[in-house]
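One structure is given below, encoded as C-alpha cells.
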C-alpha cells in the first residue's frame, strides 16, 4: 500500500512539473506586463527578507513542542523559505475563517495548512501542486454501534465550518435527503474527535492523516466508513495577486520532490503510523500508567544523552518492561541484551533492571556514534535503532544496496524499502554479511517510533497538567490568605 502511494505521489508531482513547463512562459509574460513601479509579489517577499505563511494549529500542520515549532507544514514551509533565501514567518490561525481572511486581506503570502483542493476553493484561490492525498473518514466511539453507511447515522454529526467536509456533505445531501449535520467555527477536527470520545456528539468527519496521528493517543477513536477517497492537499495563494508566488511554488515542489525532501518529511510524520492496532495501543497506554512509574527514574537517569522516552520505547518493544524477559535467541532483560553485548557494556546481570537499562543506553549511544556524520537527524536515530535489532553490518549492507539502486543511503525512508531484500538470495549473496530477516528491523523501528510518539505526548500532557494544577493551587492560596 505504501509503495503504491509513493508511486502515485511521484507520478502526481511529475505531472505538475510538466505543467510547469507550459505555465512558466505564460506567467513570465504576465509578470513582464506589470508596471515598473509595482514590483511582483515574489520580489516584495525577497526585498523585505521574509515570507509570511498562514497555517492552522494542529498535529498535522503546526504546533510547538519542547524544541520549538514543529509540524509537517511548518517544516515544508521552512524549506520554501530557504528556497527563496528569506526568513519564515508563520502566522497560525485557530479556525478556517480567520485563515482565509488572512489570505484575502494580504496578511499572509500563502496558506500551508494541509487543506484539500475543492471546487469551491478553486473559484477563489490558486492551488500549488498537490503534495499528498487524504481520505475523509466517518468517526465514532469504540464500543458504540458502528455505522457502515450514511443511512446508519442516527445521532449528531458535527464538522468544522468551511472545511472540505462541509462541501462534501452538501454534495452528498443531493442524494441523501435525510442527511443532516451541525458546524462549528470554534473547534477544530482534533477537538471534535474528543467530543466524540466524551459522548457530546455521536460522529464527526476527520481526514485520514489526522486520524492516524490521534489514534495513537486515543485508541477508542474508531472509523465507521470512508466518506470520500483520495482528496488532494495543496498550498493556496491569492487568485487576485500576480502569479509570481504561484510560479515559484511550482518550481519549489518540483525541486523537493526530486531531491527527496517531500518523501523524507512524509516518512518523518506519517511513515510509522499508517498501521493501527487497537489492542497494542491500549496495552501500551495501560503499561505507561501501571508499569512505567517504577522504571521511569532509571530511564531518566541513563537517558541523559538520549531522550529517556526513546530509551523507554526501545525497552517496551524489547521486553514490555519486564526485567526477567527472555527470548529463545538468548537475549534477556529489560533491554534484551545478548551476552557478548552485556559483557562489552560492563553488565554483570542482564536480569537486573538498572543494569540492563544502563547497558542498553550505553550500547544505543555507541550505535548512534557509529553512524556517519553526514546522516541527518532523525534518520541517524532510526538507523541506530535498526542496528540495535539487526546489527550494524546488515544495516550497512542495506544502505549499500540502496545506493546501488540509485537511492539515498543516508535516509531511513529509502533504506527501509531495501532492508527486506536481505532475505532474497540474489541480493544477500552479494553482501558482506549475507542473509538477514530484513523486514524485522523495519517493523521494529516503526513500532518504537509509535511508542515514542505516544509516550512523548503523554509525558507532555502530564507536565502541562502539573503546571495548570500548580497555578490553580497558587491562585487558591492567594484567595484564602487573609490580608
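Would you call residue 293 surrounded by fewer than 19 Cβ atoms within 10 Å (Cβ to Cβ), touching a residue at least 24 places away in the same chain (Cβ under 8 Å) and not assigned by TED's automatic domain parsing to the domain that holds residue 67? Against the criterion (surrounded by fewer than 19 Cβ atoms within 10 Å (Cβ to Cβ), touching a residue at least 24 places away in the same chain (Cβ under 8 Å) and not assigned by TED's automatic domain parsing to the domain that holds residue 67), residue 293 does not qualify. Tell me yes or no: at least one residue of the range 160-169 is assigned by TED's automatic domain parsing to the domain that holds residue 240, assigned to a loop (DSSP other than H, G, I, E, B) and either at pLDDT 95 or above or touching a helix residue (DSSP H, G or I) at 6+ places or on another chain (Cβ under 9 Å) (or both). No - not one qualifying residue is present in the range 160-169. Based on this model, can you work out whether residue 419 counts as farther than 26 Å from residue 260 by Cα, touching a residue at least 12 places away in the same chain (Cβ under 8 Å) and crowded, with 19+ Cβ neighbours inside 10 Å? Spelling it out, it is not the case that residue 419 is farther than 26 Å from residue 260 by Cα, touching a residue at least 12 places away in the same chain (Cβ under 8 Å) and crowded, with 19+ Cβ neighbours inside 10 Å. Scanning the range 84-97 for residues that are at pLDDT below 95 and surrounded by fewer than 16 Cβ atoms within 10 Å (Cβ to Cβ), which turns out nearest to the chain's Cα centre (by Cα)? My answer is 94.
Residue 398 - would you say it is part of a helix (DSSP H, G or I), within 22 Å of residue 318 (Cα to Cα), touching a helix residue (DSSP H, G or I) at 6+ places or on another chain (Cβ under 6 Å) and in the same structural domain as residue 427 (by TED's automatic domain parsing)? When the stated conditions are applied, residue 398 does not pass them. For residue 282, the conditions (1) in contact (Cβ under 8 Å) with a residue 60 or more places away in the chain; (2) closer than 23 Å to residue 61 by Cα; (3) exposed (fewer than 15 other Cβ atoms within 10 Å of the Cβ); (4) not assigned by TED's automatic domain parsing to the domain that holds residue 148 all hold with the exception of (2).
Taken residue by residue, the range 335-358 has no member that is closer than 25 Å to residue 268 by Cβ, surrounded by fewer than 19 Cβ atoms within 10 Å (Cβ to Cβ), in contact (Cβ under 8 Å) with a residue 12 or more places away in the chain and touching a helix residue (DSSP H, G or I) at 6+ places or on another chain (Cβ under 9 Å). The numbered conditions (1) without any contact (Cβ under 8 Å) to a residue 40 or more places away in the chain; (2) under 30 Å from residue 258 (Cβ atoms); (3) surrounded by fewer than 19 Cβ atoms within 10 Å (Cβ to Cβ) are all true for residue 378 except (1).
Enumerate the helices (runs of 4 or more DSSP H) found wholly within the range 257-320, keeping only those where 3 or more residues are closer than 19 Å to residue 387 by Cα.
Working: elements: 261-270, 278-290, 292-302, 308-319.
Ranges flagged: 308-319.
Of everything listed in (1) within 26 Å of residue 167 (Cβ to Cβ); (2) at pLDDT 95 or above; (3) outside the structural domain of residue 180 (by TED's automatic domain parsing); (4) in contact with a strand residue (DSSP E or B) (Cβ under 7 Å, 6 or more places away or on another chain), the single unmet condition for residue 76 is (4).
State yes or no: is residue 40 touching a helix residue (DSSP H, G or I) at 6+ places or on another chain (Cβ under 6 Å), assigned by TED's automatic domain parsing to the domain that holds residue 259 and either surrounded by 15 or more Cβ atoms within 10 Å (Cβ to Cβ) or modelled with pLDDT of 50 or more (or both)? Considered against the rule, which asks whether it is touching a helix residue (DSSP H, G or I) at 6+ places or on another chain (Cβ under 6 Å), assigned by TED's automatic domain parsing to the domain that holds residue 259 and either surrounded by 15 or more Cβ atoms within 10 Å (Cβ to Cβ) or modelled with pLDDT of 50 or more (or both), residue 40 comes out as yes. Scanning the range 106-124 for residues that are under 13 Å from residue 53 (Cα atoms) and either assigned to a helix (DSSP H, G or I) or more than 25 Å from the chain's Cα centre (by Cα) (or both) yields a count of 2.
The values are calculated or read from the model by the stated rules, or taken from the named source; none is laboratory data. All figures in this text were calculated on a predicted structure; none of them were measured in a lab. Ideal geometry is used to build each Cβ from the backbone, glycine not excepted, and the neighbour counts take in all protein chains shown.
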